[in-house]
Amino acid sequence: SRNPAKAVKDVVESAAEKVSDVLTPKVPGAPGMPPPLEEPTTPHDPPPPKPEQGAPQTRTPTGARTGTPSRARGQQGAFLTTAQGARLRDTDHSLKAGPRGPVLLQDHHLREKITHFDHERIPERVVHARGAGAHGTFSAYGTAENVTRAGFLRKGRETEVFVRFSTVLGSRGSADTVRDTRGFATKFYTDEGTFDLVANNIPVFFIQDAIKFPDVIHAGKPHPDREIPQAQSAHDTFWDFVSLHTEAQHHTMWNMSDRGIPRSFRTMEGFGVHTFRLVNSAGETVLAKFHWKPKLGVHSLVWEEAQMLSGIDPDFHRRDLYDAIEAGAFPEWELGIQVFPDTPEETFAGIDLLDPTKIVPEELAPVQPVGRLTLNRTPTNFFAESEQVAFHVGNLPPGIDVTNDPLLQGRLFSYVDTQLTRLAGPNFPQIPINRPHAPVNDMLRDGFHQQAIHTGVAPYRPNSLDGGNPFPAGDDDHPFTDLPVRVAEAPKVRQSPASFDDHFSQARLFWLSMSPVEREHIIRAYTFELGKCYHQTIRERQLRCLANIDPVLCAEVAAGLGLPAPQPAIPLPDVTPSPALSQIGREWPADGRMIGIVVDSDADLDTVREVRRAVFGADMVPLLIAPHGGMIGDLAVQRSFATGRSVELDALLLAAAPPPAPDALPARDAKAGAARPVPVDPRVLLLVEECWRHAKAIGAWGPGVTVLEQAGVIGSPGVVTGGSGDQVLTAVQHLLATHRVWDRFPASVS
Ligand code: HDD
């Protein structure tokens, strides 16, 4: 595998080359430059494609070839052709009756080009429309062999995977950093058939029964009259629904916590939510919940950063995932399972395992690691892979089965159904990204967009005309076996079990498990979201829900809204907090963190060079920020004061105190009200202010210290000024292990 630090360095240096390329005027034919290109461009070999996704089915069950093995197509130097392969002389002018005449209908190239373009878009996903994917590998530890016979979990097995992360509510073009649940869907291309773990970054769901899914989504999506707000839960219909349908309160609490605004896809947990049933080779069963644990820890943005990023870099998470993988800083997660005995009650420690609004705290059932996921390849083509990938909770390998969780049962229907419209027909499993890597030998035939040329005459069983093929698998052939699970003899009812009526105890458990600063964030999030509602009745109703969760939470949000805090309608549930739910209090590797370094031509460039090298050495990414783009001495600048903004940084270092640009407007002295020139560029002061406000580590040496004096932040927690550049970096790196300088946040709630 690649050395991540070296790979990061290569990427930054090649970016620097690109910058200097742009800066050097290049005139075709000038000395040292190639001669001007002749038109048309000389045909040449296409660039090597990235490995194609899976092997297409090239043979039918009876062995006949069905098509060419590779479907990869790219821009090539060879002649431009029509879709039928006819070479074209001109793609820039329509066929006309004379140069000024009308366009002729007989222009088949014009019609083909425009018609195909007119149909380039497909419907976006009804939920989870905004997302980004990556390829990778899953390596099994073998620790799950005693509970499941799934082959991909056997010790040492390596399985190719494709993962797609997403937000839920926003449209395909919405911003990445909105407050929302995140999807974390993984396709394991196992040799026993594809396994899709269609998970979220929140372990519970809004509803207990799939029949309510259209309701919760209609409530969360933009208002049907004005189609606003986009990708937000801060509006009346959302809070109307969740305050009336109180089983949503636990999930809503997670959304209002820092989990709703992840720092990166790489710093999110993933949860299968439902309880699944595992079966081992002896036919014994257990119940289990799936968890993804990120190697880099669980970290979040702060709300103001998330809001700013929505404007400054709406692609923040997508870019972060792509850049990290391209730089060789491959994101990793451990897959873990919580295992419970498969008892007739399907409960554990009094918790109903079929209720998807409930967690089982890790302190009661530890998450046992079973394998490692590494994302190591970015998609070649967004549409072909990330857009066309189709997940389905019913894609299960032998050894993993469903339970009666009513939310899971409804999902089993929805995921295939939705693709029939989105991917236009029943043959979407033949799209390259969706093709199983296990051999396929089905009797599904024809339909829109059929890719295979099936031979034979007897796609039915039993038959004698195709030699009786295909044959059912025997017990020793690793078939998927339906477990003979007992189905209760019970009357047909539209009802949930009584245990599903508890809607508040686990919301309280979550609240009580948070640290003071995390509670403060939750209070601010509720206050913001309810403050955006127009209807007073909705705010009051949600306050009544909060009163049933915790009086402090309710009182603080009520104060923020300027409303009286209601009394609880139920006795406050007696719960034991789960410290594992808090994101604060542990230390994590700082791999892939972005370190901004402010420089100008007066900075000591030898020290900057050393610090930059040390940042690379620690597997982090340095970004030189300077008054202008291009070069400072022999160092390439990655961000100018015009393009750099604090929100993409995890920490800020200052090696210089750049003066304001000569044409900058004088700043106002707040106290005197008089105009006075500021000796430091106000954009640098803004960087410092924002980093300070967002509790990021800040360090400075040499003239950089002057900036921190100007900003008035010296002496506050997480601001490092003593010592050389290297010493400052070491101190900042240490601060990064806890993600933020938590002491800087005023946490009034404990
Ligand atoms: Fe769902 C997509 C996760 C409940 C119906 N869901 C979708 C995706 C994720 C989840 C990650 C995006 C997959 C991708 O990247 O293509 N969904 C969940 C989780 C749920 C859940 C963790 C609860 C535990 N979903 C759920 C219910 C229903 C759906 C109850 C319907 C009854 N979900 C869909 C869907 C989507 C989808 C309409 C939209 C696009 C797609 O499936 O392929 O079928």
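The values are calculated or read from the model by the stated rules, or taken from the named source; none is laboratory data. Here the structure is a predicted model, which means the values were calculated and not measured. Don't worry about glycine lacking a Cβ; one is built from the backbone with ideal geometry, like all the others, and counts go over all protein chains shown.
The figures follow:
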quantity	calculated
Any chance D352 is modelled with pLDDT of 95 or more, away from the ligand (no atom under 16 Å from the Cβ) and touching a Lys or Arg at 6+ places or on another chain (Cβ under 9 Å)	no
Pair list, Cβ under 7 Å, 6 or more apart: region 295-323 residue at pLDDT 95 or above, other residue assigned to a helix (DSSP H, G or I) and of a type in the set (S, T, N, Q)	L296/T267; G297/T267; V298/T267; H299/T267
Selection status of Q368, touching a residue at least 40 places away in the same chain (Cβ under 8 Å), buried (at least 20 other Cβ atoms within 10 Å of the Cβ) and over 15 Å from F500 (Cα atoms)	no
Neighbours by Cβ (under 8 Å, 6+ apart or cross-chain): first from region 155-173, under 12 Å from R372 (Cβ atoms); second within 13 Å of the ligand (Cβ to nearest atom) and not charged (D, E, K, R)	V161/T186
All positions within region 322-335 that are surrounded by fewer than 22 Cβ atoms within 10 Å (Cβ to Cβ) and either under 11 Å from the mean Cα position of the chain (by Cα) or not hydrophobic (A, V, I, L, M, F, W, C) (or both)	Y322, D323, E326, G328, E332, E334
Test result for T275, of a type in the set (V, I, T), within 13 Å of the ligand (Cβ to nearest atom) and at negative phi	yes
Meets criteria (out of contact with any helix residue (DSSP H, G or I) (no Cβ under 7 Å at 6 or more places or on another chain), farther than 19 Å from F330 by Cα and in contact (Cβ under 8 Å) with a residue 60 or more places away in the chain) for D606	no
In region 502-551, the residues that are of a type in the set (D, E) and either in a helix (DSSP H, G or I) or assigned by TED's automatic domain parsing to the domain that holds V178 (or both)	E518, E520, E529, E540
Close pairs (6 angstrom Cβ cut-off, 6 or more residues apart or separate chains): within 10 Å of A248 (Cβ to Cβ) in region 195-215, β-branched (V, I, T) and near the ligand (Cβ under 8 Å from one of its atoms) anywhere	F205/V273
Of residues in region 273-315 being within 22 Å of E529 (Cα to Cα) and touching a strand residue (DSSP E or B) at 6+ places or on another chain (Cβ under 8 Å), the one surrounded by the most Cβ atoms within 10 Å (Cβ to Cβ)	L301
The lone exception for V393 - which of (1) under 24 Å from the mean Cα position of the chain (by Cα); (2) away from the ligand (no atom under 16 Å from the Cβ); (3) β-branched (V, I, T) it fails	(2)
Scope region 712-746; condition in a helix (DSSP H, G or I), without any contact (Cβ under 8 Å) to a residue 40 or more places away in the chain and touching a Gly at 6+ places or on another chain (Cβ under 8 Å); matching residues	A731, D743
L408 within 16 Å of the ligand (Cβ to nearest atom), out of contact with any helix residue (DSSP H, G or I) (no Cβ under 7 Å at 6 or more places or on another chain) and aliphatic (A, V, I, L, M)	yes
Unique residue being out of contact with any Phe, Trp or Tyr (no Cβ under 9 Å at 6 or more places or on another chain), more than 30 Å from R494 (Cβ to Cβ) and within 16 Å of the ligand (Cβ to nearest atom) when the list is P439, P379, P429	P429
Wholly enclosed helices (runs of 4 or more DSSP H) of region 173-271 bearing at least 1 residues polar (S, T, N, Q) and either more than 12 Å from the ligand (Cβ to nearest atom) or surrounded by fewer than 23 Cβ atoms within 10 Å (Cβ to Cβ) (or both)	236-244, 249-256
Output for region 331-363, where each listed residue is assigned to a strand (DSSP E or B) and small (G, A, S)	G336
Region 475-513 - residue that is loosely packed, with under 12 Cβ neighbours inside 10 Å and modelled with pLDDT of 95 or more and, of those, nearest to P568 (Cα to Cα)	D501
